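Taking it in order: structure first as structure tokens, then the write-up.
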Amino acid sequence: MEKSALQIARAAYQPKLPKALLGPVVAKEGKPTQSVGDQEEIKALFPNTYGMPVIEFVPGEQKQLEPFNVGIILSGGQAPGGHNVISGLFDGVKSLNPANKLYGFILGPGGLVDHKYMEITPEIMDEYRNTGGFDIIGSGRTKLEEVDQFEKGIQILRELGIKALVIIGGDDSNTNACVLAEYYAAKKYGVQVIGCPKTIDGDLKNEQIETSFGFDTACKTYSELIGNIQRDCNSARKYWHFIKLMGRSASHIALECALQCQPNVCLISEEVEEKNMSLDDVVTYIAQAVADRAAEGNNFGTVLIPEGLIEFIPAIKKLIAQLNDILATPAAKNLGRSEQIDFVKTHISKENLDVFNSLPTSVARQLALDRDPHGNVQVSLIETEKLLSAMVAVKLEQWAKEGKYVGKFGTQHHFFGYEGRCAAPSNYDADYCYSLGYNASRLIANGKTGYMSVVRNTTAPAAEWIAGGVPITMMMNMEKRNGKMKPVIRKALVELDGAPFKFFASKRAEWAKQTAYVYPGPIQYWGPTEVCDQPTKTLQLEHQ
Ligand code: FBP
């Protein structure tokens, strides 16, 4: 594989580890834990992995272990730093015993079920250190939830002598990791399962997990692009740029990019829901910002839109909830696309049908079509940026007739998501991911299962980071998925009383009117620490 000069120089970077992980460790255990909700139900579903303590690694004498092998799976959407989790795990496992082996399952959880794997050798590992992407073994969205899949998994795990499996994924994949850990523990199969918090969306976080890996690099990559667009926008002064940002349901990415770039408008889905806004309210809000700037002769600007927005407009949310139930019924399976739409139209309530019919056909179609394997609407396929700009144009035309708006409204559209998911990890993600992987090897060595690898205190220098494990059951509650109540990790949405949103809310009126753009520029790997090593603004505000 031919390499760029950056890749060659970056391969030599040695990621930093928390001081506590530099030598042998022991697990310091906290008090027994409880799930965040529905304690009795979660306890009954996870009798072997419920209530375990949070643990922190501190220097101590490491137990001597027989050589062992470990398996790794990359699950779901790509996120910068995945290769560093693997290199951290690889180095951690080899430091315990050079004879230990690491096997990667190919193309996600499906590789475990279908027995597709490869050994990650030192030569292969060295090709991927500090690089973006998940291509070392590939990723996939197969949902691991059936006993049959778990049994097929144990066959190959036994064949390869694998003592522990590490699953790198978001909330859904870590939920599955926990179900698998419980199943193997109940069956006394002797295979541990450890999760690792990944997703650019930033919605896998709580009191124990400060951030999911990849969020830092992805937001910095999008912010560079938004900054470039803002500079173009402020140079030509003739377009409004509508920029949709990935993030699935949560608006963390849009909020972080707004904090970094100071655009004229940034919508936050969680606020739209809280304020019970209709689609027309959202359109009016943007149109007002356009009109106010036009009144001062500024016919240009930027609007950031979280990709999940449409799901948070209360009337549409109700519609989606009913569509989810209808699509989960056996009668809705195996229908063709147009049959599926006719089917849902004849099965939804009158109120929801009215909302459905009021939506532009392309959006309505997308809401009525298949979900991803975890039951999520595929929001990345809905062109909200085009929908909103077209509706704003109609509103402005109407205002122009009423003499309430004088200006020109030229538009450009962008969707940033895939551009950032495989970027070369920032120093923060390179160090954080390597530490998460290395730490996972210590969880394995200490016999833990049903835990997620966690590294905290990450706004401090890496040496002061705190490494340990959190029982996955602690993050769970019961929610409806694919028409049934299921134990799942509670998703972390933007908190409207949290410091990042409050800071944004205190500034947005000023940013809307003035041209207060900030141009963050590209991620830097070498140079002053204030340029190269800063965590996200979200994390800084949450920890100040
Ligand atoms: P994960 O939750 O698996 O990390 O994926 C996140 C994400 O990047 C979302 O932001 C986006 O909506 C989705 O994946 C797109 O999925 P796909 O890669 O299947 O198109």
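The values are calculated or read from the model by the stated rules, or taken from the named source; none is laboratory data. This structure is a prediction, so every number in the text was calculated from the model and none was measured. Glycine also receives a Cβ, built like all others from the backbone with ideal geometry; neighbour counts cover every protein chain displayed. We work out accessible area using only protein heavy atoms, side chains counted, and drop any ligands, DNA or RNA first. Shrake-Rupley method; radii C 1.70, N 1.55, O 1.52, S 1.80 Å.
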(message) So, restricting to helices (runs of 4 or more DSSP H) that lie completely within region 206-299, which ones have at least 3 residues that are touching a strand residue (DSSP E or B) at 6+ places or on another chain (Cβ under 7 Å)?
(response) 215-236, 252-261, 279-295
(request) Output the residue which, of all residues in region 224-245 that are crowded, with 24+ Cβ neighbours inside 10 Å and within 16 Å of the ligand (Cβ to nearest atom), is farthest from residue 308 (Cα to Cα). (result) 243
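Please enumerate the residues belonging to region 289-330 that are open to solvent by 60 Å² or more (accessible area, probe 1.4 Å) and free of Cβ contacts under 8 Å to residues at least 24 places away in the same chain.
Residues of region 289-330 that are open to solvent by 60 Å² or more (accessible area, probe 1.4 Å), as a first pass: 292, 295-296, 317-318, 330.
330, the sole residue that qualifies.
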(request) Select from region 362-371 the residues that are within 15 Å of the ligand (Cβ to nearest atom) and either open to solvent by 40 Å² or more (accessible area, probe 1.4 Å) or at pLDDT below 75 (or both) and list them in ascending order. (result) 370, 371
(message) Quick check on my filter: what residues within region 393-427 are open to solvent by less than 30 Å² (accessible area, probe 1.4 Å), closer than 17 Å to residue 242 by Cα and within 16 Å of the ligand (Cβ to nearest atom)?
(response) 416, 417
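Can you confirm whether residue 107 is surrounded by fewer than 20 Cβ atoms within 10 Å (Cβ to Cβ), in contact with a Gly (Cβ under 9 Å, 6 or more places away or on another chain) and not in a helix (DSSP H, G or I)?
Details: surrounded by fewer than 20 Cβ atoms within 10 Å (Cβ to Cβ): yes; in contact with a Gly (Cβ under 9 Å, 6 or more places away or on another chain): yes; not in a helix (DSSP H, G or I): yes.
So residue 107 passes the test.
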(request) Tell me, yes or no, whether region 124-141 has at least one residue that is of a type in the set (Phe, Trp, Tyr) and either within 16 Å of the ligand (Cβ to nearest atom) or touching a Phe, Trp or Tyr at 6+ places or on another chain (Cβ under 6 Å) (or both). (result) yes
(request) Filter region 115-144 down to residues that are touching a Ser or Thr at 6+ places or on another chain (Cβ under 9 Å) and open to solvent by 70 Å² or more (accessible area, probe 1.4 Å) and give me whichever is farthest from residue 199 (Cα to Cα). (result) 126
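List the helices (runs of 4 or more DSSP H) inside region 414-521, counting only whole elements, that have at least 1 residues being under 21 Å from residue 49 (Cα atoms).
Working: elements: 418-421, 427-445, 499-513.
Here the list reads 427-445.
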(request) Collect the residues in region 301-332 that are within 16 Å of the ligand (Cβ to nearest atom) and part of a loop (DSSP other than H, G, I, E, B), keeping them in residue-number order. (result) 307, 308
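Name the residue, out of 23, 60, 92, 71, that is farther than 19 Å from residue 455 by Cα, of a type outside the set (D, E, K, R) and either in contact with a strand residue (DSSP E or B) (Cβ under 6 Å, 6 or more places away or on another chain) or open to solvent by less than 40 Å² (accessible area, probe 1.4 Å) (or both).
Being farther than 19 Å from residue 455 by Cα, of a type outside the set (D, E, K, R) and either in contact with a strand residue (DSSP E or B) (Cβ under 6 Å, 6 or more places away or on another chain) or open to solvent by less than 40 Å² (accessible area, probe 1.4 Å) (or both) holds for just one of 23, 60, 92, 71, which is 71.
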